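See below for the structure under consideration.
Values in this text are rule-based calculations from the coordinates and carry no lab data. These figures come from a predicted structure and were not determined experimentally. Here Cβ is always computed from backbone atoms with ideal geometry, including for glycine, and neighbour counts include all displayed protein chains.
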Amino acid sequence: MLPLSRAPRSLCILRLSAIGDTCHVVPVIRTLQKAWPDTRLTWVIGKSEARLMSLLEGVELITVDKRAGLAGWRGLRTQMRGRRFDVLLHMQLALRASVIAREIPADVKLGFDRGRARELQWLFTNARIAPASRQHVLDSFFGFTAALGIPERTLRWDLPLPADAQAYAQRLIPDTRPTLVISPCSSHVLRNWAAERYAAVADYAAQHHGMRVILAGGPTAIERDMGAAIERYVGAATSLTNQIGRDTLPQLLALLARATVLLAPDSGPVHMATMAGTPVIGLYAATNPQRSGPYLSRQWCVDAYGQAALRFCGKPAEQLPWTRKIEQPGVMDLIGVEQVTARIDELLRYRP
């Protein structure tokens with residue numbers, strides 16, 4: 001069955017969420033487009049994530065509203081009526097996604113190897129990628145193209161930015177002055193750093209390096225409250241622009257593309273910045289940056305995961321399951337302000 005002896009006529013990718021993981025799918029798509037330019041590509045994706053990935057050219061998007069429950073599942077079934085794909089890449093380890101995979105007709109349904117096929121994914125596939133362990137999420141996704149018979153990897157994330165997004169970013173970053181964008185929140189609250197520590201870093205960046213500082217993020221109450229708290233803690237001499245809840249995903253991507261560096265915890269924007277070619281200072285204690293960190297910026301991350309493993313789990317990180325999250329109260333306090341400012345110093349020396 002695999003590897004394929006010739007390019008398929010049609011191929012469907014199933015990866016619904018989250019923003020970061022859908023960013024990891026983009027190089028897989030670029031690899032497929034380069035190897036098989038005539039193959040019709042379809043992506044079954046979450047409705048929220050499609051707002052960003054609609055910028056991706058040459059791919060049909062079929063959206064699933066995950067909050068719609070049974071109605072969303074029925075909508076997909078209707079859209080799939082009369083269709084059949086040569087290959088389905090089932091790239092999501094969730095039972096809900098596997099139920100959706102049942103509604104996507106395909107000759108080959110390729111999933112993860114048995115060791116990684118959590119939530120019974122192996123029951124919903126008829127082919128599997130090669131076993132591997134302790135890989136970055138993106139490397140695990142490239143296991144799918146390797147299984148198809150494509151050994152080369154195309155590390156391209158470029159998405160064409162619409163004019164309004166570029167104009168938005170240029171208004172906020174109109175010149176070459178170095179700019180620090182802070183996206184302070186993850187959707188997992190225990191991955192978030194303290195507001196006063198973000199403010200201390202903002203003060204340092206502005207006073208020691210003359211950096212412009214912009215806050216970015218979504219419209220949730222947690223993010224708005226975090227932004228307001230950072231504004232309260234920041235020094236009077238620091239010019240801070242709070243754009244939290246005031247942009248679209250394409251506008252955020254354009255803003256990150258013009259920024260000098262992004263500071264953020266483990267969250268979708270770190271992978272958006274990677275797509276835009278902007279280095280990321282990632283804050284990692286609750287999660288392992290070697291598994292889920294910004295793919296091209298892991299050297300810039302502040303990595304306290306090993307320290308967290310010893311303190312909260314009583315054993316070295318190497319002895320924990322690769323997917324283990326240490327989302328405990330106080331875990332992000334293991335990261336100090338001085339560690340982050342040292343990364344800024346080092347990065348600006350490296351990238352004048």
Taking the alpha-carbon distance from residue 66 and a cut-off under 14 Å, which aspartates and glutamates remain once sequence neighbours fewer than 8 residues away in the same chain are dropped?
49
Yeah, segment 143-236 with a ≥ b ≥ c from its alpha-carbon gyration tensor (a/c under 1.5 is rounded, else prolate when a/b outruns b/c, oblate otherwise) is prolate
Going by average Cβ neighbours within 10 Å, how do the peptides 235-244, 172-181, 106-115 rank, with the highest at the top?
106-115, 172-181, 235-244
Under the Karplus relation with 6.51, -1.76 and 1.60 and θ = phi - 60°, whole-Hz ³J(HN,Hα) for segment 293-304, x at Gly and Pro, equal x, x, 4, 9, 10, 5, 6, 8, 5, 8, 9, 10
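Assign unit charges at the C-beta atoms only (+1 for Lys and Arg, -1 for Asp and Glu), then state the dipole size of segment 1-137 relative to its Cα centre in Debye, rounded to the nearest 20.
Details: 23 positive and 11 negative charges, 53 e Å.
Charge dipole of segment 1-137: 260 debye, to the nearest 20.
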Once you sort the root eigenvalues of the Cα gyration tensor of the chain as a ≥ b ≥ c, which label holds: rounded (a/c under 1.5), prolate (a/b larger than b/c) or oblate (the other case)?
prolate
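So if we plug the beta-carbon distance of residue 298 and residue 54 into 1/(1 + (r/R0)^6) with R0 = 25 Å, what FRET efficiency do we get, rounded to 0.05? All intermediate terms of the calculation are to be shown ahead of the outcome.
Values: r = 29 Å, r/R0 = 1.14.
Between residue 298 and residue 54 the formula returns 0.30.
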Any chance you could give the angle, 0 to 90 degrees and rounded to 10, that helix 19-35 forms with the longest Cα principal axis of the chain?
50 degrees
What is the distance in Å between the Cα centroid of segment 153-169 and that of segment 99-127?
32 Å
About the Cα centre of the chain, how large is the charge dipole given +1 on each Lys and Arg Cβ and -1 on each Asp and Glu Cβ? Please answer in debye to the nearest 20.
1100 debye
For the chain, find the longest principal axis of its Cα atoms and tell me its angle to the long axis of helix 137-148, 0 to 90°, nearest 10.
20 degrees
Helix 195-209: inclination vs the chain longest Cα principal axis, degrees, rounded to 10, gives 70 degrees
The farthest towards the positive end of the charge dipole of the chain, of the residues 219, 297, 28, given +1 on Cβ of Lys and Arg and -1 on Cβ of Asp and Glu, is 28
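Taking square-rooted eigenvalues a ≥ b ≥ c of the alpha carbon gyration tensor, is segment 1-85 rounded, prolate or oblate, where a/c under 1.5 means rounded and, failing that, a/b exceeding b/c means prolate? Display every interim value, and only then the final one.
On the way: a/c = 2.23, a/b = 1.37, b/c = 1.63.
Taking the square roots of the gyration eigenvalues as a ≥ b ≥ c, segment 1-85 is oblate.
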